[in-house]
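Just below is one structure, and these are the notes that go with it.
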Amino acid sequence: MEPIDLNAPLTRTASAEGKIWNYFGGTAYLGLQTLPEFQERYIENVLRFGTAYGASREANVRFPVYNEVESLLADWLGHEEALTLSSGYLASQLVCQTLAAKGHTTYQVKGAHASLSNGFTEKLSLDFETLREKLNKEETDALPPVVMLDSIDFRGLHYPSFSELAKLPLDRLILVVDDSHGFGVIGEDGIGSSHALRKLEPTELIVCGSLNKGLATQAGVVLASSKRISDLKKNPIYSSASPASPASLQTLLETVALRRTQFEKLQENLAVFERGTVGISWLHRNQGHPAYTCDCEGISRYLEELDTLITSFEYPAHSGHTINRIILSADHQANDIERLCRLLNEFVSR
């Protein structure tokens, strides 16, 4: 389908040129971006801090909100320390480039986000079977190799069991995981994948990613040990890149209760969809996550003809592969989801 130029924010609907669609796409899982209470706090904080912070985190003038939100994130998500940056992509790059510069051999699990890279050759983006073979040949007295992957693969192969990952020699690996689609969305109280990953007992666990999806915060984060965070701060990326907006971070601090309310609404919506789609075999997802991959040709066009949009575009760009995903959010109402379930079942029975 051709891209649609919008003239209003995306919520449970999308609108353009007088037409309105039911919308089940994007990554605004908790619906915070357009929630009036969240927006009001954000606007107040923009007036307090300005639209951006034009200085280094190492400058001689500083906003305490950075340390405050990093403490909140570390405690909530279960790590010794956290470090915020202006985007999830930059957070991942800070980790990748720091580890590569120290001489660690770095492997990317096939399908991982492009931010988990440092000029990889194609052979270093591997399926788990090939990766196991390579790791078993690594010298045990060398620097620990690094394995990078996404927590959410949108097919249920990673979170929550990480069954293939668990077969790797994790006791001698550094594990770097992009949890952009997990923060605020999966796990108890939306803690993401860190708890499940820690059960695998890797030599070291580093979790990074964007806060802009579930948490509606234009920032990125790295979660790791105090020693690792201290090391990352020595990388010029940290001191020379513009930091995240203090207004965004302050809003994250002030809306914990609101975030929890939206998380509960999302769980209720997931339950409605699960009940209504029993038996549809071409829907795939990670347990507890609101994104459903559709392995079904024609589903996007069928729904569009019925005034319903899902995520549908070529990804990665220029790959020739179109992804089709149904995304639920806390912003949806039960009747939205029930209608979608009815359309999906009618498609199956045609």
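The values are calculated or read from the model by the stated rules, or taken from the named source; none is laboratory data. Just so it is clear, the structure is predicted and the values come from calculations on it, not from any experiment. Every residue, glycine as well, gets a Cβ built from its backbone with ideal geometry; the counts of neighbours run over all protein chains shown.
Restricting region 296-330 to residues that are more than 18 Å from Gly276 (Cα to Cα) and among the charged types (D, E, K, R) leaves a set whose member that is modelled with the lowest pLDDT is Glu314.
Selection within region 191-204: residues that are surrounded by 23 or more Cβ atoms within 10 Å (Cβ to Cβ) and over 10 Å from the mean Cα position of the chain (by Cα). The member of this set that is nearest to Ser248 (Cα to Cα) is Ser193.
Mind counting the residues in region 39-97 that are among the basic types (Lys, Arg) and not in a helix (DSSP H, G or I)?
Quick first cut of region 39-97, residues among the basic types (Lys, Arg) only: 41, 48, 57, 62.
From the residues that got through so far, the ones that are not in a helix (DSSP H, G or I) too are 57, 62.
Of the residues in region 39-97, 2 are among the basic types (Lys, Arg) and not in a helix (DSSP H, G or I).
Taking the condition in a helix (DSSP H, G or I), farther than 14 Å from Phe24 by Cα and in the same structural domain as Arg342 (by TED's automatic domain parsing), does Glu274 pass? Spelling it out, Glu274 is indeed in a helix (DSSP H, G or I), farther than 14 Å from Phe24 by Cα and in the same structural domain as Arg342 (by TED's automatic domain parsing).
Please go through region 248-258 and pick out each residue that is buried (at least 21 other Cβ atoms within 10 Å of the Cβ) and touching an Asp or Glu at 6+ places or on another chain (Cβ under 9 Å). The answer is Leu249, Gln250, Thr251, Thr255. As for region 20-38, it holds no residue that is more than 22 Å from the chain's Cα centre (by Cα), buried (at least 17 other Cβ atoms within 10 Å of the Cβ) and assigned by TED's automatic domain parsing to the domain that holds Ser87. The C-beta contact set for region 62-75 (first residue at pLDDT 95 or above, second residue of a type in the set (S, T, N, Q), distance under 6 angstrom, 6+ apart or interchain) comprises Val65/Gln250; Glu70/Thr84.
Evaluate region 229-244: report whether one residue or more is surrounded by 23 or more Cβ atoms within 10 Å (Cβ to Cβ), among the small types (Gly, Ala, Ser) and within 16 Å of the chain's Cα centre (by Cα). Within region 229-244, none of the residues are surrounded by 23 or more Cβ atoms within 10 Å (Cβ to Cβ), among the small types (Gly, Ala, Ser) and within 16 Å of the chain's Cα centre (by Cα). Can you confirm whether region 293-300 contains a residue that is touching a helix residue (DSSP H, G or I) at 6+ places or on another chain (Cβ under 7 Å), surrounded by 11 or more Cβ atoms within 10 Å (Cβ to Cβ), over 25 Å from Gln33 (Cα atoms) and not hydroxyl-bearing (Ser, Thr, Tyr)? Yes; the residues of region 293-300 include at least one that is touching a helix residue (DSSP H, G or I) at 6+ places or on another chain (Cβ under 7 Å), surrounded by 11 or more Cβ atoms within 10 Å (Cβ to Cβ), over 25 Å from Gln33 (Cα atoms) and not hydroxyl-bearing (Ser, Thr, Tyr).
Looking only at region 124-143, decide whether some residue is of a type in the set (A, V, I, L, M), assigned to a loop (DSSP other than H, G, I, E, B) and farther than 17 Å from Leu223 by Cα.
First, the residues of region 124-143 that are of a type in the set (A, V, I, L, M): 124, 126, 131, 135, 142-143.
After this cut, where a residue has to be assigned to a loop (DSSP other than H, G, I, E, B) as well, the list is 142-143.
Among the residues that remain, those that are also farther than 17 Å from Leu223 by Cα are: 142-143.
Yes, there is a match, as at least one residue in region 124-143 is of a type in the set (A, V, I, L, M), assigned to a loop (DSSP other than H, G, I, E, B) and farther than 17 Å from Leu223 by Cα.
Condition test on Glu44, is it without any contact (Cβ under 8 Å) to a residue 40 or more places away in the chain and of a type outside the set (Phe, Trp, Tyr)? For Glu44, the condition - without any contact (Cβ under 8 Å) to a residue 40 or more places away in the chain and of a type outside the set (Phe, Trp, Tyr) - is met. Total residues in region 130-159 satisfying the condition of being within 21 Å of Tyr89 (Cα to Cα) and either of a type in the set (Phe, Trp, Tyr) or without any contact (Cβ under 8 Å) to a residue 24 or more places away in the chain (or both): the figure is 2.
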